[in-house]
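First comes the structure, then the notes that go with it.
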Amino acid sequence: MSLSVSGAEIRRSPRLWRPSTRLVYVALLGAGLVLLPVLALGLTALSSQAAEIWPHLAANVLPAALRDTALLLLGVGLFCGVVGVGTAWLVTQFEFPGRRSLEWLLVLPLALPTYITAYVYVEILGFQGPFQSALRALTGWHSLRDYWFPDPRNLPGAICIMAIVLYPYVYLSVRALFGLQAAAIVESARTLGAAPGRLFWRIGLPMARPALAAGLTLVLLETLNDIGASEYLGVRSLTLSIYTTWVNRNSLAGAAQIACVMLLLVVLLMGIEARLRGQRRFALPVRQPRAVGRAPLRGGKAAAATLACALPVLFGALLPMGFLASEVLRRDLWQQLDGAMLRALFHALAFSALASGIVILLGVGIAAARRQGREPWLPALSRLASLGYAVPGTVLALGLLVPLAALDNIVANGLRHWFGLNSGLLLIGSGAALVLAYVVRFLAIAVSGVESGLSRISPRIDDAARTLGASAPEVMRRMHWPLARPAVAAAALLVFVDCLKELPATLLLRPLNVETLATTIYGHASRGAFEDGALAGLLIVLAGLYPAVRLARAGGRLA
């Protein structure tokens with residue numbers, strides 16, 4: 001008896017796995033992009049060359065780097081926690097002069113990168129800066145032997161300067177929760193005679209613990225990612241150790257080992273955050289909670305509340321912005337808008353726009369796959385694709401360099417062998433590696449933004465549309481997209497500005513002889529002439545102002 005199988009039967013044969021929606025492939029791609037640099041980094045750190053370097057790193061580099069990083073994280077976390085929680089409690093629970101304006105002005109420091117703020121304060125507080133110059137003019141002193149003045153170029157200075165820029169992460173998270181607390185709880189405590197301090201410690205702070213943990217995690221991850229401020233202020237952080245080991249000592253394997261230690265620290269931080277958020281859970285009522293009535297403050301208390309909320313805005317946003325603008329005008333730096341500056345501006349805008357477009361496409365695909373797909377592992381895959389934001393830029397750059405360089409070599413050898421062409425490094429030399437690093441690092445912003453927009457759409461609407469014969473792509477195009485478009489636009493704007501501000505990955509993965517606004521500022525600061533880069537800094541700050549204000553306004557509607 002002969003056996004034969006027709007082509008139709010082969011086509012009808014079951015496959016090993018068939019996704020419930022093609023968008024699952026997008027989610028797999030996003031998770032793969034995040035895993036690629038991590039796996040490559042691990043393989044590089046375990047190479048035979050790395051084994052010879054590890055004893056030197058463990059004895060001479062890691063102890064100081066871990067100590068300074070731990071102290072920096074501790075100081076910035078405490079500072080941001082106090083300022084963020086305190087200002088959020090004041091603007092949501094009390095009425096005082098200027099509260100409405102200060103409620104959104106407190107978010108403005110998000111528009112400034114930490115490295116620009118560090119450069120500004122070193123200039124302002126330096127010997128030739130306006131503060132010390134005014135002090136000498138008033139007192140008749142002539143040199144530092146006549147008086148003492150705090151030096152920002154040390155660990156305490158780095159803590160204060162970085163925290164005054166990063167506290168809005170805590171402020172936004174905690175303010176949203178304070179504003180959504182049920183009015184009955186707070187007002188019942190007030191009726192029972194609870195003092196404002198007791199109300200804060202016994203009700204407000206315990207309920208805000210999940211939001212506080214989330215905000216502090218973002219602060220600490222941003223602190224870990226920083227390289228410009230740490231280097232300029234003299235803090236030997238893990239990020240700076242990775243950069244110097246790779247660039248100055250020409251040891252990729254050693255840098256990969258330090259990066260693995262840094263990844264362990266990131267995992268530890270995220271574990272602590274998950275534990276803190278899981279310890280206390282509070283449910284809000286199904287109906288929209290009534291806003292808490294703000295207690296009016298008068299006299300000295302009102303003035304103190306206004307001052308407490310105004311000082312972070314002054315030192316975190318207005319003073320650095322004012323210094324940049326004054327330097328541009330005083331030194332007539334508009335003349336720097338020549339070919340070199342315009343090319344740097346074009347490179348920054350082109351890389352950021354391209355990365356933002358890819359990030360939004362991936363974010364929409366991943367969020368839609370999680371909503372439409374039936375696979376039980378899709379939520380975990382979505383979270384995995386969002387972990388890139390927790391990986392510092394230097395770690396991403398190291399992890400991407402090895403596989404992309406290998407792929408570049410394979411392509412170049414193939415073109416040379418088959419066509420006689422010398423293509424060079426297509427991915428690393430064209431900026432594709434930098435764009436990919438941006439995509440991996442900021443994909444979480446798009447995923448969370450799109451998911452927040454889709455979460456407001458009831459699944460019953462999807463069921464009703466499918467009952468009427470609408471396909472999944474049609475439901476997404478005609479129903480999901482119009483309703484989620486504002487959240488997608490906000491996410492695209494935030495990704496674009498974050499790409500403009502990103503310094504560590506840009507320094508390490510930019511093509512040869514290609515400058516962006518961030519690297520232009522870094523170059524001037526490295527030569528001890530940051531004021532010459534004030535125009536580039538001002539352009540970055542102006543680009544970040546609108547998203548910061550929009551984010552503040554959106555958060556204000558929640559409160």
### Cα gyration tensor category, rounded, prolate or oblate, for segment 21-107 with a/c compared to 1.5
oblate
### Accessible carbon and sulfur surface of segment 395-535 relative to its total accessible area, %, 1.4 Å
62 percent
### Computed label-point distance, nm, for sites Ala464 and Trp377 using a 7 Å Cα→Cβ extension
3.6 nm
### Message
Just to be sure I understand the model, the point goes 7 Å from the Cα along the line to the Cβ. What's the resulting Leu78 to Arg202 distance in nm?
### Response
2.8 nm
### Task
Report the extension gain between Val411 and Arg275 in nm, rounded to one decimal, defined as 0.36 nm multiplied by the number of residues separating them, less their alpha carbon distance.
44.4 nm
### Task
Considering the options Gly357, Asn413, Ile203, tell which one lies farthest towards the positive end of the dipole of the chain, charges being +1 on Lys and Arg and -1 on Asp and Glu at the Cβ, about the Cα centre.
Ile203
### Query
Taking the Cα centre of segment 402-530 as the origin, how large is its charge dipole in debye, to the nearest 20, when only Lys and Arg (+1) and Asp and Glu (-1) carry charge on their Cβ atoms?
140 debye
### Signed unit charges on C-beta, dipole axis of the chain, positive-most listed residue Ala303, Val328, Pro156
Ala303
### Message
Given the -39500 (n - 2.57) contribution per DSSP H run of 4+ residues, what per-residue ellipticity at 222 nm results for the chain, rounded to the nearest 500 deg cm²/dmol?
### Response
-22500 deg cm²/dmol
### Task
Calculate what fraction, in whole %, of the accessible area of segment 53-120 sits on carbon and sulfur atoms when a 1.4 Å probe is rolled over the protein chains.
74 percent
### Query
Of Tyr115, Ala259, Ile445, which is farthest along the charge dipole of the chain in the positive direction, counting Lys and Arg as +1 and Asp and Glu as -1 at C-beta?
Ile445
### Query
Quick one: Cα convex hull volume of segment 480-538, Å³ per residue?
102 Å³
### Task
Using a 1.4 angstrom probe, figure out how much accessible area segment 24-127 has per residue, in square angstrom, rounded to the nearest whole.
39 Å²
### Query
On full extension of the chain, what length is gained from Arg527 through Arg477, given 0.36 nm per residue of separation minus the C-alpha to C-alpha distance?
12.8 nm
### segment 71-127-segment 374-394 distance, computed between alpha-carbon centres (Å)
30 Å
### Message
Just to verify a number: FRET efficiency for Leu512 and Trp148, C-beta to C-beta distance, R0 = 45 Å, to 0.05?
### Response
0.50
### Query
For labels at Ser101 and Leu421 in the simple 7 Å Cα→Cβ model, what's the distance in nm?
6.0 nm
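Sort Leu265, Leu224 from largest to smallest accessible area, using a 1.4 Å probe on the heavy atoms of the protein chains.
On the way: Leu265 40, Leu224 5 Å².
From most accessible down to least: Leu265, Leu224.
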### Query
Any idea what the dipole of the chain comes to, in debye rounded to 20, about its Cα centre with Lys/Arg Cβ at +1 and Asp/Glu Cβ at -1?
2180 debye
### Query
Taking H as built 1.01 Å from N, whose amide H comes closer than 5 Å to the amide H of Phe94, not counting residues under 5 places away?
Ala295
### Query
Which shape class, rounded, prolate or oblate, goes with segment 308-413 when its Cα gyration tensor gives a ≥ b ≥ c as root eigenvalues, a/c under 1.5 marks rounded, and past that a/b bigger than b/c marks prolate?
oblate
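With the other protein chains left in place, how much accessible area per residue, in square angstrom, belongs to segment 290-383 at a 1.4 angstrom probe?
Values: 4860 Å² over 94 residues.
In whole numbers, segment 290-383 has 52 Å² accessible per residue.
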### Summary
Among chymotrypsin sites (Phe, Trp or Tyr not before Pro) in segment 363-430, those in a DSSP loop whose Cβ has at most 12 other Cβ atoms within 10 Å are Trp377
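The values are calculated or read from the model by the stated rules, or taken from the named source; none is laboratory data. These numbers come from a predicted model, not from an experiment. Positions of Cβ are generated from backbone atoms using ideal geometry, with glycine treated the same way; all protein chains shown enter the neighbour counts. Each accessible area value is taken on the protein alone, full model and side chains, heavy atoms only, with ligands, DNA and RNA left out. Shrake-Rupley method; radii C 1.70, N 1.55, O 1.52, S 1.80 Å.
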